[in-house]
Amino acid sequence: MRFGAKIVDLACLNHFSRVINTIAKLAKSCTLRLTDSKLYFILSDKVANGGVSMWCELCQGNFFDEFQMEGVAAEHNEIYLELVPENLSRALKTAQSAKAVKIKLTNKHCPCLRVAVELPSLSSSSRIVTHDIPVGVIPRRLWNDFREPRVPDFDVSIYLPALKTMKSVVERMKNLSNSIVIEANLSGEMNLKIETDLVSVTTHFKDLGNPPWASEDGYQSSVQDRDLESMAEARIDIKKLQQLLAGQQVNPTKALCNIVSKRIVHFILLHEDVSLQYFIPALA
């Protein structure tokens, strides 16, 4: 089992750092899955996470100048590691003006991801700052716990308004309530609502558009018969939504959410070579 990668291009390095910063804001601990073409950061929906789950996918070719990995076996050419993303985020903070960054899986006293940052120097010799980030190697028998989540059979799918706008609305509402209702319909309308004994606040968004989803038979089954005006809604933990909006540095070109009434809200943020899915379960 071996893994080594190198980033030289500064724009790629900064983009990679932003993705890691986003992951660090969303998950205290997560699983890093390495294949020969992609990296995945996975948070599975255990009760300890409050039922929240995350799936972030990156194409390695768009970030790394060199990338070599050998999985646990020829027929299972993958590596699964448990890590604290904040540690990786901190290591990359020292690399903002680096000439190159190398990441390597090592095993001296314990398995570690070694991040070696080559910094510019005035002399001919380069300065290298090394960070060893402890990781846990996840055995093959547990890999099935980290499968890609299925896109739920949603009632409504809708593009999100500008995330900055949404963030400022949610931040104001957070001071008034612990939960928020997200409701949307197939006419491009979405409302964010809080209701307490003292106050009821609703923010309306319209003309957002609804993504065209196709399943095997051409339509998402629950959507095709649905009244365009009727709202699907889910009440979720407002802190979890705020965490997603405040933490994201991916700056997506497309952001959308799928609502399964009273069950789950599934957010998808897309940016060229990165896709981030985030699932927040509905409160009872």
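The values are calculated or read from the model by the stated rules, or taken from the named source; none is laboratory data. Treat the numbers as computed from the prediction; the structure is a model and nothing was measured. Cβ: placed from backbone, ideal geometry, glycine included. Neighbour counts: every protein chain shown. These area figures cover heavy atoms from the full protein model, side chains too; ligands, DNA and RNA do not enter into them. Shrake-Rupley method; radii C 1.70, N 1.55, O 1.52, S 1.80 Å.
At a 1.4 Å probe radius, carbon and sulfur cover how many percent of the accessible area of segment 240-284? Roughly 51 percent, rounded to a whole number.
Taking every alpha-carbon pair under 8 Å whose residues sit at least 6 apart, the chain reaches a relative contact order of 19 percent. Spin-label model, Trp213 to Arg150: label points 7 Å out along the Cα-to-beta-carbon direction sit 1.2 nm apart. When a/c is below 1.5 the answer is rounded, else prolate if a/b is larger than b/c, else oblate, so apply that to segment 51-97 with a ≥ b ≥ c taken from the square roots of the Cα gyration tensor eigenvalues. Taking the square roots of the gyration eigenvalues as a ≥ b ≥ c, segment 51-97 is oblate. Close amide H contacts of Gln249 (hydrogens built in the peptide plane, cut-off under 5 Å, sequence separation of 5 or more or a different chain): Thr22.
For the chain, the 222 nm mean residue ellipticity estimated from helices alone, with every DSSP H stretch of n ≥ 4 adding -39500 (n - 2.57) and the total spread over all residues, rounds to -5500 deg cm²/dmol.
Cross-link partners for Lys239 among the aspartates and glutamates, with Cα-Cα distance under 13 Å and sequence neighbours closer than 8 places in the same chain left out: Glu171. Around the Cα centre of the chain, unit charges on the Cβ atoms of Lys, Arg, Asp and Glu (plus for the first two, minus for the last two) sum to a dipole of about 1340 debye. In this rough spin-label picture, where each label sits 7 Å from Cα along the Cβ direction, the Lys99-Ser230 distance is 6.5 nm. For segment 27-142, the Kirkwood estimate of the hydrodynamic radius, built from every pair of different alpha carbons, is 15.6 Å. Straight-distance candidates among the aspartates and glutamates for linking to Lys99, with alpha-carbon spacing under 17 Å and chain neighbours fewer than 8 residues away dropped: Asp9, Asp65, Glu66, Glu118.
Expressed as a fraction of 2.2 N^0.38 Å, the value expected for a compact globular protein of N residues, the C-alpha radius of gyration of segment 141-284 is 1.06. Taking R0 as 35 Å, what's the FRET efficiency between Glu66 and Lys239 from their Cβ-Cβ distance, rounded to 0.05? Approximately 0.30, to the nearest 0.05. Can you classify segment 1-88 as rounded, prolate or oblate using the Cα gyration tensor, where a ≥ b ≥ c are the square roots of its eigenvalues, rounded means a/c under 1.5, and otherwise it's prolate if a/b beats b/c and oblate if not? It is oblate, given that a/c is not under 1.5 and a/b is not larger than b/c. Scanning residues 5 or more positions from Asp155 or on other chains, those with amide H under 5 Å from its amide H are Ile259, Val260, Ser261, with H placed 1.01 Å from N in the peptide plane.
Between Lys254 and Glu272, the contour length at 0.36 nm per residue exceeds the alpha carbon distance by 5.6 nm. Once you order the gyration tensor axes a ≥ b ≥ c over the Cα atoms, which shape class does segment 66-194 get: rounded for a/c under 1.5, otherwise prolate or oblate by comparing a/b with b/c? Since a/c reaches 1.5 but b/c is at least a/b, the shape of segment 66-194 is classed as oblate. How about Lys28: which aspartates and glutamates have a C-alpha closer than 19 Å to its C-alpha, ignoring those fewer than 8 places off in the same chain? Partners found: Asp45, Glu57, Glu82, Glu86, Asp132, Asp145, Asp237.
Applying the Karplus relation 6.51 cos²θ - 1.76 cosθ + 1.60 with θ = phi - 60° to segment 142-148 yields 3J(HN,Hα) values of 9, 4, 5, 5, 10, 6, 5 Hz, where x marks Gly and Pro. Peptide packing: for 165-173, 202-210, 182-190, the average count of neighbouring Cβ atoms within 10 Å per residue gives the ranking 182-190, 165-173, 202-210, highest mean first.
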